[in-house]
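This report refers to the structure that appears directly beneath it.
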Amino acid sequence: LCIGAAAAGTGDASQFAVGDGTPENPYQIENADQLKAVEYNLSAHYVLIADIDLGGEKNPWEPIGSAENHAFTGTFDGDGHTIRELYINNGDSVYAGLFGYVGAGGMIKGLTVEGKITISGSTSCVGGIAGFVDGTEVSEMSVLTDSDDSETGIIDCTSNVTINVTYNGLSVGGIVGSCGGATISGCKNCGDVSVVGTSESGIDINIGGIVGYSGSSTIIRNCCNTGAVSVQDAEKAYAGGVMGQSINTTLSGCYNTGVVSAQNVVEANLGGLVGQSSEDTAVSSCYNTGAVSAKDAQNVNVGGVVGENDGSVSNCYNTGKITNKDSNDN
């Protein structure tokens, strides 16, 4: 489950030989030029009909949807296909991933992405599938099974993207950097996720195997992470095998087997599943088997399930090793 060559081009909607962008007849994508052309109609419906190789370092990728006023709000059905050789190396990318900013109504499903994201600079949100997913403009969200669609979110996607962020990475996740008012369901992350910050920056770092930061009634269910999650040289860090920091989120049926670690941080909340959980977050039917460790942390909370918990936890367990070395324990 965890594990190319066309070049990313410019193009426009006329490149789609089949489809008209409606739900009944989505545009069909079979090469990198057509994938890039999604930028020209961010509210249309698309289906991937072949695996695509983006060319790696020879063809750095510009994320689809760059900001709130230029967000992807259509649907993208991977139909079980894989996009390989994603490569992003931006100095100051605000939203980085295959998709940068997914807005209200945007849905990505049935897709596997493989590649590498390496960013040095001031960065807001980084994820293997999407940097930011924001469904907060939707007044009512459906609660659905994994096979169904939902208003906004990521469903049944796999990321095998190695993510390395240096300097100020605010929210970094294997699947999504930051999300609110969305559904993240049936997703798997197999890539390692790491942030190296600056302890004097004053920036909080949220990092998770699935989601870095989650809020605004987000639902995360039936997701798993096997990649390592690590943070180093930060003033304050929230790190978890599934989520870094959670506010007003429902987390259920998820598990983590990857290592979660922090080194040389001033403050840290580390959890096998969630780094920090707020009082309006519910975690249920989840487990962790990955090791959780802190080293050279001045003020640290470390837990097998949740590092610092103000919410509710039920029917969860941990078998991973917990280590706190040369740190002030809490």
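Quick note: the coordinates plus some simple rules give every number you see, no bench work behind them. Everything numeric here is computed off the predicted structure, so don't read it as measured data. All Cβ positions, even for glycine, are placed from backbone atoms using ideal geometry, and neighbour counts span all protein chains on display.
Based on C-alpha coordinates, I'd like the Rg and Dmax of the chain, in Å.
18.5, 61
Note the count of lysine pairs whose C-alpha atoms are less than 18 angstrom apart in the chain, limited to pairs 8 or more residues apart or on different chains.
10
Dipole size in debye (nearest 20) for the chain around its Cα centre, Lys and Arg Cβ +1, Asp and Glu Cβ -1?
It works out to roughly 860 debye.
Name the residue from SER293, ILE155, THR22 whose Cα lies farthest towards the positive end of the charge dipole of the chain, charges +1 on Cβ of Lys and Arg and -1 on Cβ of Asp and Glu.
SER293
Can you compute the FRET efficiency between TYR40 and THR323 using 1/(1 + (r/R0)^6), with r the Cβ-Cβ distance and R0 = 56 Å? Round to the nearest 0.05.
0.65
Cα-Cα pairs above 21 Å in region 174-269: how many percent?
Value for region 174-269: 27 percent of Cα pairs lie more than 21 Å apart.
Determine, at each q value in 0.18, 0.28, 0.29, 0.31 (inverse angstroms), the log₁₀ of I(q)/I(0) that the Debye formula gives when each Cα of region 50-104 is one equal point scatterer.
Per q value, in the given order, log10 I(q)/I(0) is -0.67, -1.12, -1.14, -1.17.
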